[in-house]
Amino acid sequence: MAGMRVQKLLVAGLVSLGAAGSHPSATVENTMPIANLQSYRSIALRVHSTAFAAQGQAMQLESSVLGEMQKRCAFQEVAAAQARNADLVLDLNIVNTQRGGGGFISNSSTAHLDTLLVISNGQDGELLGTARIHGESSGMIINNAPPELEAIEVVAKTVGDVFAKSGCSGPRIAKAEPPPQPPPPQPDPTKPPAVDESKRAEAEKDNDDGKQKVFVADLQGALAAFQQADALLPDPKYEYNLCSTLGLLERWDEATATCQKALAKQPPPALKAKLEQKIELLKAHQ
């Protein structure tokens, strides 16, 4: 009995010491390139949850992230999802939430929050960047507040860090206008058309459907939609979105091959630069 009491006291002491030295933390993983944000003047935030237990945390996360954006960025307008015509849209998805942790000692007061961040152009829905953020509370209960609040705050701060590193602070700069494209060559009536543009509308619909699924972290659904768009009408912009989704699914070889396939088609300069940047990042994972 005395030995059992000593063992219980020892474990309690270890838990106490671990809590005393703990701090809330966050890690950022699987980051895809995020465009320089200095030329964007307004941003709208949409928070989603695919985890039933996290439904009540979405509003708290939205409030915390909006506060970080207003404090750390120089956007002229920072608003929640109902804002229209924003230059940027930030979709933040709560994909998993849990209590406790692995290892020799599991602290049931530690909250974990896994999120998927997606940044897109508010005008055309073009995907600009993605990141996975894992937040963890300190494991200490402070003022009887649930530890999920601490995990939410550290995730919000990390979102602010991601944006700060991408140029959201400082003065706004004019957006560079792409150079005018030369007129397309006249079709040669003796040759069949290289691309069947009659399928463009259907392919665009699938491409838009894929982007909407990325925004809510339905990555398998997005993958199928982008594959369908590219099957209907092979196009580097569809393959860029397909490459991005394969990267989020950590299918590194397939993602790299898809981006290289798009790059070989001599896409416009802006898309070419994004593909080259993404290929370099993907190669680091192989």
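Mind listing whichever residues of the range 135-149 are surrounded by fewer than 19 Cβ atoms within 10 Å (Cβ to Cβ) and under 11 Å from residue 111 (Cα atoms)?
140, 141, 146, 149
Of all residues in the range 238-264 being assigned to a helix (DSSP H, G or I) and surrounded by fewer than 20 Cβ atoms within 10 Å (Cβ to Cβ), which is nearest to the chain's Cα centre (by Cα)? Don't jump to the end; show me each part of the working.
Taking the range 238-264 first, the residues assigned to a helix (DSSP H, G or I) are 238-248, 252-263.
With surrounded by fewer than 20 Cβ atoms within 10 Å (Cβ to Cβ) added as a condition, the list becomes 252-254, 257, 260-261.
Numbers: 252: 17, 253: 20, 254: 19, 257: 21, 260: 22, 261: 23 Å.
Here the residue is 252.
Checking residue 77 against (1) under 28 Å from residue 272 (Cα atoms); (2) acidic (Asp, Glu); (3) modelled with pLDDT of 90 or more, only one condition comes out false. Which one?
(1)
Rundown of residues vs (1) more than 18 Å from the chain's Cα centre (by Cα); (2) outside any loop (DSSP other than H, G, I, E, B); (3) under 24 Å from residue 69 (Cα atoms); (4) touching a residue at least 40 places away in the same chain (Cβ under 8 Å), yes/no style:
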{"residue": "96", "(1), (2), (3), (4)": "no, yes, yes, yes"}
{"residue": "107", "(1), (2), (3), (4)": "yes, no, no, yes"}
{"residue": "113", "(1), (2), (3), (4)": "no, yes, yes, yes"}
{"residue": "118", "(1), (2), (3), (4)": "no, yes, yes, yes"}
{"residue": "125", "(1), (2), (3), (4)": "no, no, yes, yes"}
{"residue": "142", "(1), (2), (3), (4)": "yes, no, no, no"}
{"residue": "150", "(1), (2), (3), (4)": "yes, yes, yes, yes"}
{"residue": "154", "(1), (2), (3), (4)": "no, yes, yes, yes"}
{"residue": "163", "(1), (2), (3), (4)": "no, yes, yes, yes"}
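Conditions tested, residue by residue: (1) assigned to a loop (DSSP other than H, G, I, E, B); (2) modelled with pLDDT under 95; (3) under 23 Å from residue 124 (Cα atoms).
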{"residue": "168", "(1), (2), (3)": "yes, yes, yes"}
{"residue": "171", "(1), (2), (3)": "yes, yes, no"}
{"residue": "184", "(1), (2), (3)": "yes, yes, yes"}
{"residue": "194", "(1), (2), (3)": "yes, yes, no"}
{"residue": "204", "(1), (2), (3)": "no, no, yes"}
{"residue": "209", "(1), (2), (3)": "no, no, yes"}
{"residue": "270", "(1), (2), (3)": "no, yes, yes"}
{"residue": "273", "(1), (2), (3)": "no, yes, yes"}
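When the residues of the range 31-47 are filtered to those that are at pLDDT below 90 and farther than 19 Å from residue 175 by Cβ, which remaining residue is surrounded by the most Cβ atoms within 10 Å (Cβ to Cβ)?
Among those that are at pLDDT below 90 and farther than 19 Å from residue 175 by Cβ, it is 32.
The values are calculated or read from the model by the stated rules, or taken from the named source; none is laboratory data. Keep in mind that what you see is a predicted model, and the values were worked out from it rather than measured. As a convention, Cβ positions derive from the backbone with ideal geometry for all residues, glycine included, and neighbour counts pool all protein chains shown.
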